[in-house]
Ligand SMILES: [Cu+2]
């Protein structure tokens, strides 16, 4: 899912871990249970990059997002490929490449455009509508990233094994949903009741393989 | 066409050969060229087809690329993303114009038309070409040729990416003549794009063909559909044709027709053909000229030879044949010329023989008559008065008899020379035969003729000395003037002849013809008249000389000899009046009298049981009358009932030689009667063996001069021997005359001679004396 054969892979991993840490650390500590979800294909294969989120059945006071979530551009790719944020989250798009990018979205949940820039993006974008936002780069057609904007702070993204942990979920009834950028079918929402001990959920999702568009190799000047 | 000359034949042969070769070559070349042209045309078409396909792919790729660039345009995507129909339509129009597309449409991911610049009424209807979207989903782009309201478009469908597809955009590029022209420029072929329209009829959407061809092609399409033949005619011109179908979005069939005029492929070959044609024409022309020259070289000398042959045919041997060539024709011409020379010299020789007297070298009778005729012809035109002199030697017979023929011949030669010596070059002398000569004076008055006559007399009166013997000859000359004494050859000769006999009779030397010498006067004046009287008065009588058949020792034949009891002169021998009778033409009377008497006597003997063959002498003049004498003899035989075999006729060799052809014919008739024919005086007439063989004679009589000389002269003996052998070899019996000694008879017996006649056997005797003599010789 993330390239490991490029010089900045270490930075990428660090940033990702950092993001996870940030996402985890923003919840009040030890206030709820954990929903352990697992997503697999009808054939039983683990499905990564699926976003699992739990929408409270009853109106609950929910914590507001406080952290700015980044989607970096590393080696002419968006990192991460799939993000999930709570509605109202501000996202930043730091450019780690020596070249410029032009990030845009025509998605209904958030339409925006950050014209050619390098380094830290000149503007932060507030994702204030739930929905899927597809990000592209007007310079590099193959660059693509998805942000699932959800009206809940309880969400997680499956790892390579198809597992995801939704932590600090207060007890209560939730509608547990799953989303994947290339999903074709399956993955019906599940109602779960979270107690003190937490719950486990499993989804079967029919997913098309990610089709990467052609990415030309770097030239001698690394452009 | 009938060909009559070698030249035409040669030219015809050469030219037809060359033409045949050229025609075959032209045929082969044309066939090969057409095949090559077709092949190359086909190859060019196939190449064109590949180029065309690549071009189409390229143009499609170009269109797709253009579409992709358009769909990737940020502003366009932005506009599409607004989801505002008016904005989208405006953007489509704007960006469509930028991409040079004539129709633009936007299709939602659900394949519903959201905007359509060509047919706005299709908005919110399902997209008509879902296959294109399916393909674009797979490949990121798709394209096809589609017919929209019978207008053909190249429709390209690409996604609008943000960066996932958010919609499909379709760009339609109308296919029209400009498209075809572009393709034509690149492929070099005529391009037509056609499809079956909605109404079923074919539509030509794009073509590079001009109007009339277009209509023609359309007709072909209506008739055969996509199954067009490889070669079709468009307004009289053949086009190589290839049909390929184009991918279409819908089910209609759209085809591309690539065409190339066959003539275009043939053009270089046509140039080659025309070059070859002119070359062939030139070579035929050259051949005509060349063969004409060769033919002329061959036929010209041949024509000259033919001309020369024609000249020879007409009797002109004088023109030499000139052909300078060194080849076979030259050789032929040379031999031809030799042949001409040969013929000329032989003809000269023949003429010499025909018109010359062999003995004296003078003209002969024929030549003399010809010359006389010529001179008369000239005289008739006026001015000249020719005259004829006939000469008869007075004592020649005596010389011949006493000194022999060789001496007589020499005397004749001498006389000929003397005559020539006394005359001018323009005069001519001829020997007419025997001792008869003639002189022709083309001009001159009577005085001149008289002078000539006297000069001739003087010349001939001089003694002739041969082998030491002196002879006096002298001549009688008869003279006739033209036209006084005759207007033609016969009359003149006759007049001169009569004059000559007058001169002879009167011993006057020469006499000029006078009309008073008519037949009556003459008969009183001349011997002729006396002869006639002799016949009428029975003054002639017959003597018979016996002939001994040596083998039997018996007299089996007699020779009848005529004698004249002249009232004044007494008994006259035949030598004295027969030549005269011959000259005057009265010999016929005597011959008839002799024949009648001899046949009558023979019949008498025959009836009396005495089988004696009676031989009668016939003169040369008798031989000339072809019909009369044989008929007379036949009648005498019949009336006396005498078998023909008992009658013999003796003709002197010289008489035979005088007119060989005439003699031959008369002898044939006499021979047919069955009588025995003898050649008298054989050995004196220079007759050839070949001639003798042709004559229908039975017997040879060796001249008495040879027989009488046998005893003293071995040469005469040899002549007698060889004559006997010759006669026997020719199947003739041989009679020896003049046998006067026992020695001669013995010799003849030894030599195998058949008959002997002479004083030793028996002298000529009257009938009663002979009968007595026979009784004494052969007692019963
Ligand atoms: Cu970029």
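Coordinate-derived values only; no laboratory data. Predicted model, so just to flag it, every value in this text is computed and none were measured. Neighbour counts run over all protein chains shown; Cβ positions are idealised from the backbone, glycine included.
Would you tell me the mean number of C-beta atoms belonging to other protein chains that fall within 10 Å of each C-beta in B:73-80, as a whole number?
Mean number of neighbouring Cβ atoms from other chains: 2.
Compute the length gained on full extension between residue B:536 and residue B:51: take 0.36 nm times their separation in residues and subtract their Cα-Cα distance, giving the result in nm to one decimal.
Stretched fully, the residue B:536-residue B:51 segment lengthens by 160.5 nm.
Using the Kirkwood radius built from alpha carbon pairs, what does the Stokes-Einstein equation give as D for chain B at 25 °C and 0.890 mPa s, in µm² per second?
63 µm²/s
Need one value for A:101-110: mean number of C-beta atoms belonging to other chains within 10 Å of its residues' C-beta atoms.
Whole-number average of other-chain Cβ neighbours for A:101-110 is 3.
Can you say what percent of the DSSP beta bridges in the range B:538-777, counting only those with both residues inside, are antiparallel? Round to 5.
Rounded to the nearest five, the antiparallel share is 40 percent.
Any idea what angle helix B:489-506 forms with the longest principal axis of chain B, computed on alpha-carbon atoms, 0 to 90 degrees, nearest 10?
20 degrees
How many nm is it between the label spots at residue A:188 and residue B:74, if each spot is 7 Å from the Cα in line with the beta carbon?
Result: 4.5 nm between the two label points.
Taking just the alpha-carbon atoms of the range B:211-360, what radius of gyration and Dmax come out, in angstrom?
Just the Cα atoms of the range B:211-360 yield Rg and Dmax of 39.6, 135 Å.
Once the range B:175-291 is represented by equal point scatterers at the alpha-carbon sites, with solvent omitted, what log10 I(q)/I(0) does the Debye formula produce at q = 0.16 Å⁻¹?
Log10 I(q)/I(0), no solvent term: -0.75.
Can you tell me the order of A:117-123, B:736-742, B:348-354 when each peptide is scored by its average per-residue count of other Cβ atoms within 10 angstrom, highest first?
B:736-742, A:117-123, B:348-354
May I have the convex hull volume per residue, in Å³, for the Cα set of the range B:538-777?
Here the figure is 125 Å³ per residue.
Can you tell me how the protein assembly as shown classifies by the Cα gyration tensor, rounded, prolate or oblate, using a/c under 1.5 as the rounded cut?
prolate
Given points 7 Å out from each Cα along the Cα-Cβ axis, report the residue B:123 to residue B:302 separation in nanometres with one decimal.
It works out to 10.4 nm between the two label points.
Kindly express, to the nearest 10 degrees and within the range 0 to 90, the angle between helix B:574-584's C-alpha long axis and the longest C-alpha principal axis of chain B.
Taking the Cα atoms of chain B, the angle to B:574-584 is about 40 degrees.
Per DSSP H run of n ≥ 4, the term is -39500 (n - 2.57); total these for chain B, divide by its residue number, and report the mean residue ellipticity at 222 nm rounded to 500 deg cm²/dmol.
Result for chain B, helices only: -17500 deg cm²/dmol.
Report the extension gain between residue B:90 and residue B:311 in nm, rounded to one decimal, defined as 0.36 nm multiplied by the number of residues separating them, less their alpha carbon distance.
Gain on extension, residue B:90 to residue B:311, equals 67.9 nm.
Per-residue Cβ counts within 10 Å, from other chains only, averaged over B:162-170: what number is that?
Other-chain Cβ atoms within 10 Å of each residue's Cβ, averaged: 4.
Volume per residue, Å³, of the convex hull around the alpha-carbon atoms of the range B:670-773?
Residue-normalised Cα hull volume stands at 114 Å³.
So for chain B: antiparallel DSSP bridges make up what percent, rounded to the nearest 5?
75 percent
Treat the count of other C-beta atoms within 10 Å as a stand-in for reagent exposure and order B:147, B:384 from fewest to most.
In order of increasing Cβ crowding within 10 Å: B:384, B:147.
So in the protein assembly as shown, what percent of DSSP beta bridges are antiparallel if you round to the nearest 5?
Of all bridge pairs located within the protein assembly as shown, approximately 75 percent are antiparallel.
Calculate the spin-label point distance for residue B:491 paired with residue B:778, positioning each point 7 Å from the Cα along the beta-carbon direction, and give it in nanometres.
The two pseudo-label positions are separated by 5.8 nm.
To the nearest 0.05, what FRET efficiency results for residue B:661 and residue B:385 with a Förster distance of 30 Å applied to their C-beta separation?
0.30
I need the peptides B:658-664, B:313-319, A:212-218, A:140-146 ranked by packing, meaning the mean over residues of other C-beta atoms within 10 angstrom, with the highest value on top.
A:140-146, B:658-664, B:313-319, A:212-218
So if the hydrodynamic radius of the range B:45-262 is defined as the Kirkwood radius over C-alpha pairs, what does Stokes-Einstein give as its diffusion coefficient at 20 °C and 1.002 mPa s, in µm² per second?
Calculated translational D: 119 µm²/s.
Please work out the FRET efficiency for the pair residue B:219 and residue B:38, using the Cβ-Cβ distance as r and a Förster radius of 30 Å; give the result to the nearest 0.05.
So, using R0 = 30 Å, E works out to roughly 0.80.
Given a Förster distance of 22 Å, report the FRET efficiency between residue B:355 and residue B:455 from their Cβ-Cβ distance, rounded to the nearest 0.05.
Efficiency computed from Cβ-Cβ geometry: 0.30.
Can you sort B:269, A:127 by how many other beta carbons sit within 10 Å, fewest first?
So the residues, fewest neighbours to most, are B:269, A:127.
Relative to the compact globular guide of 2.2 N^0.38 Å, what is the alpha carbon radius of gyration of the range B:420-570, as a ratio?
Against the compact-globule rule of thumb, the ratio is 1.40.
Compute the acute angle (0 to 90°) between the alpha-carbon long axis of helix B:527-536 and the principal axis of greatest extent of the alpha-carbon atoms of chain B; round to the nearest 10°.
In chain B, helix B:527-536 runs at an angle near 80 degrees to the longest axis.
Tell me, what is the percent relative contact order of chain B, built from C-alpha pairs under 8 Å that lie six or more residues apart?
7 percent
What is the fewest-to-most order of B:243, B:735, A:79 by other Cβ atoms lying within 10 Å of their Cβ?
Sorted ascending by nearby Cβ count, the order is B:243, A:79, B:735.
By how many nm would the segment from residue A:100 to residue A:68 lengthen if fully extended, with 0.36 nm per residue of separation less the alpha-carbon distance?
9.4 nm
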